[in-house]
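The values are calculated or read from the model by the stated rules, or taken from the named source; none is laboratory data. For clarity, every value in this text was computed on a predicted model and none was experimentally measured. Here Cβ is always computed from backbone atoms with ideal geometry, including for glycine, and neighbour counts include all displayed protein chains. What goes into the accessible areas is simple: the full protein's heavy atoms, side chains included, and nothing from ligands, DNA or RNA. Shrake-Rupley method; radii C 1.70, N 1.55, O 1.52, S 1.80 Å.
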Amino acid sequence: MSGSRNLWGGRFTGKADEGFAHFNRSFDFDRRLFAADVRASIAHCNALLRAGVLTAEEAVRIKEGLSSILEHGQLDPEYFEKWPQEDVHTFVEAHLIEMVGDGGRKLHTGRSRNDQVATDLRIWLREAIDELLQQLHSTQEAILDLAEAHRDSVLPGYTHLQRAQPVLFAHWCLAYFEMLSRDCERLIDARKRVNVMPLGSGALAGTSYAIDREAVARELEFDGVSRNSLDAVSDRDFCVEFVNACALLMMHLSRLAEDVILYSTTEFGFFELSDAVATGSSLMPQKKNPDSLELVRGKAGRVFGHNTSLLTILKGLPLAYNKDMQEDKEAVFDSFDTVSVCLRVTATVLRNIQVNETRTRIAASTGYMNATELADYLVRKGIPFREAHETVGRLVIHAIELGVELQDLPLDELRSFSPLIEGDVFDALSLDHTLATKSQIGGTSPASVAQALADARADLGCSIRRQSIPLESQR
C-alpha cells in the first residue's frame with residue numbers, strides 16, 4: 001500500500017538496514033493496542049476540530065475512516081497481516097491516509113507517538129484490569145462455593161509443614177479468599193494511576209495547539225490529565241505497578257496450587273482432582289498428575305521475571321522517552337495473559353475438587369494437635385502459660401512413648417503430670433471443643449467461620465456490583 005513507509009523519514013536519505021528495521025519493529029505485539037489507538041485518534045480528531053486545525057468536513061472524513069479501519073480490524077483476522085507496519089500507530093495512520101488522503105496526514109498535528117503510545121497503553125491496561133477483576137471475582141466465588149459445600153469439614157493446619165492445630169476446611173478456603181481480596185484492592189488502586197491521560201504532552205514539551213486536554217480526557221473516560229509533559233511520556237510506573245500486582249497475585253495462586261498439589265498426594269490423600277483438571281502418565285497407568293496446578297505454580301516465575309525486567313529497563317533511563325520503553329508492552333501483555341489464564345484454570349480446579357472428609361478429620365484429630373488446647377486448659381486452672389507449656393510437652397513425650405493420643409491417656413496418668421487436671425479435660429481435648437474455642441474474629445470456630453463466609457459473600461457481591469457500575473457514575 002502507498003502508506004507503508006515509515007512516518008519519520010523526512011530527515012533520512014538512505015534506507016534502513018533490513019535487519020535493523022525488523023529489530024526496531026513492534027507491530028507484531030503492539031497491534032493489541034489497535035482499538036485503543038483508533039479510539040484515541042478519534043478523540044484527538046475532535047480536539048483538532050475544536051482547536052480549528054481541522055475543518056468540520058475533514059473531521060467527519062477522518063472519523064469515518066478511523067471507524068472503518070476499526071471495523072475491518074475487528075472483523076478480518078488477516079487485516080493486520082496484509083500490510084505489516086513498523087508499529088500499530090503507523091498502521092492506523094497509513095491506512096487512514098490511504099482512505100482519506102491529505103486529511104489523514106493532518107491527524108498527527110499536535111501529538112507524538114510518545115504521548116500516543118502512552119495513551120493507548122493506558123486505555124488498554126485499564127480495560128485489562130477490569131477483565132482481571134472479573135476473573136478474580138469468579139475465582140473468589142469458586143473458593144466460597146467450595147467452602148460452603150464443606151462447611152463442617154476439618155483440616156489439619158500446618159506450620160513448618162508440621163501438623164499444628166486443627167482448622168475448619170472453610171477457614172483454609174477463606175485464607176485464600178482474603179489473599180485474592182487484597183489482589184483486587186491492589187488492581188483497583190493501580191487503575192487510578194493508570195487512568196491519567198498523557199495525550200497532549202507531545203514528544204516531551206507539550207503542544208503548541210489550543211487542544212482542550214481535559215475535554216479529550218472526558219471523551220476517553222480518563223479521570224484527569226497528566227501535569228508534566230516530560231513525566232507523561234516517560235512514565236511507566238503504572239506498568240510496573242500493574243505487573244507487580246500481577247506478581248503478587250501469581251504468588252497467591254502458586255501457594256494455593258502448592259497446597260492442593262500437596263494435599264492431593266497419596267501421602268496426604270485429602271483431595272482428589274477430577275479427570276477434568278488432571279492428566280495421566282505415558283508410562284505409569286496408575287498416575288493422576290495435577291498438571292493444571294503445576295503449570296499455575298510454574299507460570300508464576302515468568303510474571304516475577306517481567307516485574308524484574310521492567311524495573312531493570314527503567315532504572316537508568318534519562319528523561320524523556322527512550323526506545324527502551326518499547327520493551328514495556330510484552331512484559332505487560334504477557335503478565336495479563338498469564339494471570340488471566342491462571343485465574344480461569346484455578347477457578348476450574350476449585351470447582352473440580354473432591355474432599356476426603358473422613359481422611360481430613362482423622363488427620364485433624366491425631367498427631368497431638370490438641371496439645372495447645374491442653375496447655376490452655378491448664379492456664380484456665382490458674383497455671384502460668386510457660387509452666388503449662390512445659391507440662392504438656394512432657395505429657396506429649398509420654399504419649400508418644402506409649403503410642404497413643406493425649407485424649408487416650410487415662411485420667412490418673414494425666415493427673416500424674418498435674419493434679420489440676422480433672423475429668424472435664426476430655427471434653428476440652430475433643431476436636432469440636434478445640435475448634436469452638438477459637439471464637440474471636442478471624443478464628444476457626446464454626447460460628448466465626450460461618451460469619452466470615454457470610455461477610456465474604458456479601459463483600460464479593462458488593463465488589464461485583466460496584467464493578468458493573470459505569471465509571472462515570474462512580475466519579
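Summary table
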| read-out | value |
| --- | --- |
| Matching residues in region 137-170 - criterion: being among the basic types (K, R) and in a loop (DSSP other than H, G, I, E, B) | R151 |
| Members of region 156-166 that are within 19 Å of A450 (Cβ to Cβ) and either buried (at least 24 other Cβ atoms within 10 Å of the Cβ) or in contact with a Pro (Cβ under 6 Å, 6 or more places away or on another chain) (or both) | P166 |
| Residues (surrounded by 11 or more Cβ atoms within 10 Å (Cβ to Cβ) and more than 19 Å from the chain's Cα centre (by Cα)) located in region 455-468 | D455, R457 |
| Residue within region 338-345 that is closer than 30 Å to A257 by Cβ and open to solvent by 60 Å² or more (accessible area, probe 1.4 Å) present | yes |
| Residues being in contact with a Gly (Cβ under 9 Å, 6 or more places away or on another chain), closer than 17 Å to H95 by Cβ and open to solvent by 70 Å² or more (accessible area, probe 1.4 Å) - total across region 50-64 | 1 |
| Cβ pairs under 6 Å, 6+ apart, first in region 328-355 and of a type in the set (D, E), second assigned to a helix (DSSP H, G or I) | D328/C239; E330/F29 |
| Lone qualifier among F27, F23 - being under 36 Å from the mean Cα position of the chain (by Cα) and either more than 29 Å from V225 (Cα to Cα) or open to solvent by 50 Å² or more (accessible area, probe 1.4 Å) (or both) | F23 |
| Evaluation of Q116 against (1) closer than 18 Å to I211 by Cβ; (2) open to solvent by 30 Å² or more (accessible area, probe 1.4 Å); (3) of a type outside the set (V, I, T) (one fails), failing number | (2) |
| Out of E387, E294, E330, E373, sole residue that is open to solvent by less than 10 Å² (accessible area, probe 1.4 Å) and in a helix (DSSP H, G or I) | E373 |
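Residue-by-condition table, conditions (1) modelled with pLDDT of 95 or more; (2) open to solvent by 30 Å² or more (accessible area, probe 1.4 Å); (3) over 30 Å from L350 (Cα atoms):
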{"residue": "L66", "(1), (2), (3)": "yes, no, yes"}
{"residue": "I69", "(1), (2), (3)": "yes, no, yes"}
{"residue": "D76", "(1), (2), (3)": "no, yes, yes"}
{"residue": "D87", "(1), (2), (3)": "no, no, yes"}
{"residue": "D130", "(1), (2), (3)": "yes, yes, no"}
{"residue": "D145", "(1), (2), (3)": "yes, yes, no"}
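This table checks each residue for (1) farther than 17 Å from Q354 by Cβ; (2) exposed (fewer than 15 other Cβ atoms within 10 Å of the Cβ).
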position	(1), (2)
V260	no, no
A278	no, no
N289	no, no
K299	yes, no
H306	yes, no
T312	yes, yes
L317	yes, yes
Y321	yes, no
